[in-house]
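The block underneath contains the structure these notes are about, expressed in C-alpha cells.
The values are calculated or read from the model by the stated rules, or taken from the named source; none is laboratory data. Every value quoted in this text rests on a predicted model; they were computed, and no experiment measured them. When we count neighbours, we look across all protein chains shown, and the Cβ atoms used for this are built from the backbone with ideal geometry, even at glycine. For accessibility, only protein heavy atoms count, side chains too; no ligands or nucleic acids. Shrake-Rupley method; radii C 1.70, N 1.55, O 1.52, S 1.80 Å.
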Amino acid sequence: MIPTQHSGRVSLVTMVLVFVLVAVYRCLHIGPNELSWDVFGYYIHLPATFVHGDPMLRDIGWLRELLAQRPEVSGTLYQVTQAPDGSPMYFFLMGMSLLYLPFFLLGHAAAGLTAQPMDGFSQPYQITMALGALVYTWIGLVHLRRILLSFFSDRMAAWLIILVTIGTNWFHFMTVKNLETANFLFVLMAVLVWNTIQWHRTERLRNIVWIAISLALITLVKPSEVLAVLIPVFWGVHDRASWATQWDRAVRLRAQVFKAMGVGLVVVLPQMLYWWKLTGSPVFDSYQNPGVGLDLWRPHVADALFSFKKGWLLYTPVMAFALVGFFHLRKKRPDLFPVILGSFLLSFWIICSWSEWWYGASYSVRPMMTTYVLLSIPLGFCMEAIVRTSLPVRIGLFGLQGLLIALNLFQTWQHHNGILDPYRTTKDYYLAIFGRTAVPPGAEWTKSVERSFDGSYSFTNPEQYRRMNIGHYDFEEKDHEHPDHYVQDTLLHSQVFRLDGNVQFSPSIRNSYGALTDRDHIRIKARVRMLIPEGFEGEGPCLVFTMERQEGSYGYVTSCPDTSQRGRWIDVVLENMPPPAREPGDRLICYVWHRSASPIFIDDLSVDVFVVK
C-alpha cells in the first residue's frame, strides 16, 4: 500500500511556531564556548585546514596552545589520536565538519570584517555555527512534517510535531546543544526516510541520490549508524512476495542504484583518502579507546530505559506511546511493521551496548534521537487509536501527554541550569530535585561519586570505604625470571629489586575489578620505595596504574618522582579513581616502569583498594 500525501495549514503553522520557539531560545543561549569538548573534536578539521593550512593535522602545537589558553574548551586533547606510525590523527570522522563548513566560512568572513581573530574560535565563529545549525533543524522539521503527512491528517501531523519536538530530548539538542551529532543525525535520518518513501512511490533518480547522500553523511557522522541502509533496502518488505518486488525494482532501476552509489562514494571519498594517506588503508577505526566501546553481548537495557541517571523512558516518557503504537502499526501498516520495528530494535540494541551507555553529559539517552523519525509513525498510529476511544479516556490520555511535554521542558531547563546533574543523578537526588527550581540543602550528598575530567583527584570521604590490600612485593624472595636483579641494600638491610636497561618493568600487582567489588567505582592508592643513585642519567622511573582488557589498556596514570632526589630512599605514591570498568573481568595492574639504562632500586611495591562499604 502506497501512502498518500495530505496537505494542510495546521501542521505548517505548528512547524513554523516550533521553529520560532527553538530559534529564539537558541539565540538567547549562545555561549562563548559553543565549540568545546566533543564539538571541538568534530570541528577541528576546519581550522586545521583553513586557518593553519594543515588538513592532515601534522602539527598539533596550536591545539595544545589553544587548550592551555582556554582550558574550558576541553579537559584533555582526547579529540586527537595516533595513526599507526605515531603521527597525530583526528579522533572523529569529518562528517560533522562537512556539515559545519558553510557556517564556518561565514564565521571566517565575519571575523575578517569585524577585525576579530580569524582563528576559528573567536566569537563570530561561535555565533555563525550555533545559528547555522538552526538551518539544519529547519530541514529536519520540514522533512518530518512531510513524512507525517504521508500517513496522517493535517491536525494529527501537527500534534505529532509537538510531541516529537518539545515533548522529547530533541528540544535540548535543537537548542543549547544543536551543534552535537544528535541534532544532525535526526535531520539526516528525516531526509533519508522521506526520500525512501518518495523513491518507492515515484522511482525518481533525485530521491535515491538523496538517500545515498544522507546515508554517506550519517556514516561519516556516526559510523555505527551505517545500518540505516536497511531502511531503504527493506522498506515495504514484509513477506517473500514483497521482497521479490523490491529485488525486481532494484534490478530494473540498477542504473539509478549505481549512480546513487557513486554519489555516496564521492561524499565519503575525502575521509577514505585521509585514512589511506595516514594508514595505508581506505577504512580505519580511529576510535581507539579500549575503555569505551561496543559490548554487543552485554547491553545495558534496563539502565538505558529506566535509570535515574539517564533512563530514556524516565526523561522522555512520551515515547512510551510510540512503543505502544507498534501494536497499531502492525494492524494498520503490516508492510512497514518489519522495517520500522527491526530498525528500532537494532538501533536500540547497539545504543544500549555502548559501554558508556549514558553518553556523557547528554539529556536523556542522546542517540535515541536517531530513532525518532521512524518512531513518529507508530506514535501517530497510537494517537489515532486514542482518538477513537471514549471521550473521558481521550481527555485523560491527551492531558497526560500535555503533562509529559511540560515535564520534558522543565527537566530540560533543570539540566541546562545545572539542577539536574548530567553525570551523577541518582534516585534519591532525582526525587530531591523533582519539580524544584533550585537544589535543596543536603541533596548534593545523594549524588553518585564525582569523577574528574582533567586528571585531578581528591579523596574527601574515606569513612564510607573499606580498605583492602590487593598486593605487596617486599622482594625478599627471588622469582625465576630475574633472579640476578635481586640485590641486598645496606641502608635498608633488606633485599631490593634493580631496574635497568635490561629489565625496565617491575613485577606487577594484578587483580580483576569484579573480584573486588560490584559497585560503579573504586579508589586506589599505590606506593613504592625508590632509590635513584648518584650519577643517574636519563628519564626517571614512574609508578604506573592502568586498567587492561583484551583490546588494550585504559585509565593509564603515572606518578614520576623528581630525579634530583638522588642517593636516598624516597616514597612514591599514586592515588586515583580508575574509570568505570567495561566488564568485571577487566584487570587492575600496577607496576614500576623504568625509562633509562641507568639502574635504580625499588622496594615495598604495594596497592591498596578502597571499595564502598
Query - Cα-projected label distance for D484 with Q123, points at 7 Å along beta-carbon direction, nm - result: 6.9 nm
Requested in this report: Within 10 Å, count the other beta carbons around each residue, average over each peptide in 440-451, 140-151, and list them highest first.
Outcome: 140-151, 440-451
Query raised in the report: Given K222/K427; K222/K332; K222/K310, which pairs have Cα atoms separated by over 24 Å?
Result: K222/K427; K222/K332
Query - Set of lysines with alpha-carbon distance to K478 below 29 Å, sequence-local pairs under 8 removed - result: K525
Requested in this report: Can you tell me which of 369-380, 204-215 comes out highest on packing, and rank the rest after it, using the mean Cβ neighbours within 10 Å?
Outcome: 369-380, 204-215
Report task. Can you spot the aspartates and glutamates whose alpha carbon is less than 12 Å from K613's alpha carbon? Ignore those fewer than 8 places along the same chain. Result -> E463, D518
Query - Using alpha carbons only: equivalent-ellipsoid semi-axes of segment 160-221, gyration tensor based, whole Å - result: 25, 15, 6
Report task. Starting from the Cα coordinates of the chain, work out the convex hull volume and express it per residue in Å³. Result -> 196 Å³
Query raised in the report: Roughly speaking, what is the centre-to-centre gap between segment 186-200 and segment 552-571 when only Cα atoms are used, to the nearest Å?
Result: 56 Å
Requested in this report: Please state, rounded to one decimal and in Å, the Kirkwood hydrodynamic radius that segment 371-462 gives when every pair of distinct Cα atoms enters the mean of 1/r.
Outcome: 16.6 Å
**Report entry** Accessible area per residue, Å², segment 216-259 with all protein chains present, probe 1.4 Å
**Finding:** 57 Å²
Query - Share of carbon and sulfur in the accessible heavy-atom surface of segment 355-434 [1.4 Å probe, %] - result: 68 percent
Query raised in the report: Roughly what % of Cα-Cα distances in segment 1-140 sit above 23 Å, to the whole percent?
Result: 43 percent
Query raised in the report: So what is the accessible area of segment 1-124 per residue, in Å², with the probe set to 1.4 Å?
Result: 48 Å²
Query raised in the report: Solvent-accessible area per residue for segment 417-570 at a 1.4 Å probe radius, Å²?
Result: 57 Å²
Query - Whole-number D in µm² s⁻¹ for segment 457-582, Kirkwood Cα-pair radius fed into Stokes-Einstein, 25 °C, 0.890 mPa s - result: 146 µm²/s
Query raised in the report: In percent, what relative contact order does segment 525-613 have, based on Cα pairs under 8 Å that are 6 or more apart in sequence?
Result: 47 percent
Report summary line: CD proxy, 222 nm, the chain: helix-only mean residue ellipticity via -39,500 (n - 2.57) per DSSP H run with n ≥ 4, per residue, nearest 500, stands at -14500 deg cm²/dmol
Query raised in the report: In whole Å and largest first, what semi-axes does the C-alpha gyration tensor of segment 573-613 yield when each eigenvalue is scaled by 5 and square-rooted?
Result: 27, 14, 9
Requested in this report: For segment 252-279 and segment 480-508, write down the distance between their C-alpha centroids in whole Å.
Outcome: 58 Å
Report summary line: Taking the chain and a Cβ-Cβ threshold of 4.7 Å, the cysteines left without a partner are C27, C352, C382, C590
Query - Whole-number D in µm² s⁻¹ for segment 17-58, Kirkwood Cα-pair radius fed into Stokes-Einstein, 10 °C, 1.306 mPa s - result: 129 µm²/s
Query raised in the report: What is the distance, in nm, between label points placed 7 Å from the Cα along the Cα-to-Cβ direction at D85 and at C560?
Result: 2.6 nm
Query raised in the report: For segment 101-177 and segment 292-366, what is the separation of their C-alpha centers, rounded to whole Å?
Result: 24 Å
Query - Portion, in percent, of the accessible area of segment 459-541 that falls on carbon or sulfur, probe 1.4 Å - result: 43 percent
Query raised in the report: Using a Förster distance of 35 Å, how high is the FRET efficiency between N461 and L296, based on the Cβ-Cβ distance and rounded to 0.05?
Result: 0.45
Query raised in the report: What order, most packed first, do the peptides 155-162, 174-181 have when packing is the mean number of other Cβ atoms within 10 Å of each residue?
Result: 174-181, 155-162
Requested in this report: Taking the Cα centre of the chain as origin, sum charge times position over the Cβ atoms of Lys and Arg (+1) and Asp and Glu (-1), and report the length of that vector in debye to the nearest 20.
Outcome: 3420 debye
Query - Cα-Cα pairs of segment 212-337 separated by more than 17 Å (percent) - result: 75 percent
Requested in this report: Would you mind telling me the share, in percent, of accessible area of segment 144-278 contributed by carbon and sulfur at probe 1.4 angstrom?
Outcome: 67 percent
Query raised in the report: Cα to Cα, under 21 Å, and not fewer than 8 places away if on the same chain: which lysines meet these conditions relative to K259?
Result: none
**Report entry** Per-q log10 I(q)/I(0), segment 117-224, q = 0.21, 0.22, 0.23 Å⁻¹ (Debye; single scatterer per alpha-carbon; no solvent)
**Finding:** -1.15, -1.21, -1.25
